[in-house]
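Structure record follows, encoded as structure tokens.
The values are calculated or read from the model by the stated rules, or taken from the named source; none is laboratory data. A quick note: this is a predicted structure, and the numbers were derived from the prediction, not measured. Cβ coordinates were reconstructed from backbone atoms using ideal geometry, including for glycine residues, and neighbour counts include every protein chain displayed.
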Amino acid sequence: MQRFRKVVILGTGLIGGSLGLAIKAKRLAGEIVGLSRHKKNALLAKKIGAIDRVTFSLSEVHSADLVILAAPVNTIISLGKSIAGLLSKDCIVIDVGSTKAAVVKSLSGILTNFVGCHPLAGLEKRGVVYARKGIFHHSVCIITPEERTQPKALSRVRSFWNKLGVKTILVSPEEHDKALAFTSHLPHAVAFSLNLSVPEKYLRFCAGGFKDTTRIASSGAELWAQIFLSNRVHLLQALASFEGNLAALKSAVRNKDQNALAEILVKSNKKEKYSR
């Protein structure tokens with residue numbers, strides 16, 4: 001794959017920092033420049049070697065051939081609009097947001113070489129201090145092209161992710177949001193709610209099962225509030241499906257119906273496990 005001469009990462013948190021480390025490890029860029037709304041984050045990203053240089057101006061993107069928007073969904077959209085008039089004609093722009101329809105709709109018309117991406121990797125931890133170069137290895141990145149997506153840009157972006165050891169899957173932005181509402185956004189909503197449901201006085205009795213189930217409830221509040229609202233319609237459908245299944249289980253418990261309860265549990269046990 002042709003190396004990028006200059007990569008600018010807008011958002012040097014966990015994902016942005018991890019991308020910087022991974023790009024460096026694979027030698028996919030001549031220079032990596034990082035910008036963050038939190039100065040300490042950007043400086044720490046440089047200290048750990050995720051970026052070569054810190055910038056505090058969006059004008060830095062003018063000489064980039066790859067720009068990565070690594071921020072919360074609303075910020076991705078605003079950043080994309082802010083840099084639209086600053087890019088060279090051949091510069092490729094990707095994002096790493098957890099919802100795609102709103103992002104792609106907002107940016108595809110104003111950024112010629114924009115390609116929507118969602119790497120299914122990360123941690124419940126926040127900040128570049130937790131960045132790891134191997135976080136993407138053997139993971140999946142969903143790429144969401146639409147009719148305005150430039151074939152050359154798409155091909156180069158797929159090659160970029162593949163060089164990082166990532167499998168790419170192409171789906172529409174809408175299909176991405178429908179699927180992720182069930183597979184990612186619903187689990188987070190349930191984890192947050194479960195965490196709130198346990199009285200403080202009983203937290204000392206929590207063991208592995210509770211900790212495993214609620215691990216993601218420590219994910220960033222601002223980030224996930226934006227994700228939930230940006231995928232509101234599909235998340236509500238996923239929540240309704242969950243509420244229906246929970247109501248069936250609740251009914252079986254209320255009625256002391258062991259057969260119905262066992263049937264629900266066995267049906268869940270037999271459901272095909274995910275595979276990538």
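Examine the range 242-262 for a residue that is surrounded by 10 or more Cβ atoms within 10 Å (Cβ to Cβ), under 29 Å from VAL104 (Cβ atoms) and among the hydroxyl-bearing types (Ser, Thr, Tyr), and state whether such a residue exists.
No, because not a single residue in the range 242-262 is surrounded by 10 or more Cβ atoms within 10 Å (Cβ to Cβ), under 29 Å from VAL104 (Cβ atoms) and among the hydroxyl-bearing types (Ser, Thr, Tyr).
In the range 212-266, which residues are basic (Lys, Arg) and either modelled with pLDDT under 95 or touching a helix residue (DSSP H, G or I) at 6+ places or on another chain (Cβ under 8 Å) (or both)?
Matches in the range 212-266: ARG215 only.
Residues being modelled with pLDDT of 95 or more and either more than 13 Å from GLY127 (Cβ to Cβ) or among the basic types (Lys, Arg) (or both): count how many of those fall in the range 1-24.
13
Just one of (1) buried (at least 17 other Cβ atoms within 10 Å of the Cβ); (2) touching a residue at least 60 places away in the same chain (Cβ under 8 Å) trips up ALA25, so point out which.
Going through (1) buried (at least 17 other Cβ atoms within 10 Å of the Cβ); (2) touching a residue at least 60 places away in the same chain (Cβ under 8 Å) one by one, ALA25 breaks only (1).
In contact (Cβ under 8 Å) with a residue 24 or more places away in the chain and surrounded by fewer than 17 Cβ atoms within 10 Å (Cβ to Cβ): does that describe LYS133?
Here the answer is no, as LYS133 does not meet what is asked.
When you check ASN162 against the structure, is it within 21 Å of LEU123 (Cβ to Cβ) and either assigned to a loop (DSSP other than H, G, I, E, B) or more than 16 Å from the chain's Cα centre (by Cα) (or both), yes or no?
When the stated conditions are applied, ASN162 does not pass them.
Under 26 Å from THR99 (Cβ atoms) and either under 19 Å from the mean Cα position of the chain (by Cα) or in the same structural domain as SER82 (by TED's automatic domain parsing) (or both), is that true of SER36?
Spelling it out, SER36 is indeed under 26 Å from THR99 (Cβ atoms) and either under 19 Å from the mean Cα position of the chain (by Cα) or in the same structural domain as SER82 (by TED's automatic domain parsing) (or both).
Between a residue in the range 32-50 that is at positive phi and any residue that is at pLDDT 95 or above, which pairs come within a Cβ distance under 7 Å, given they are 6 or more apart or on different chains?
GLY49/LEU21; GLY49/LYS24
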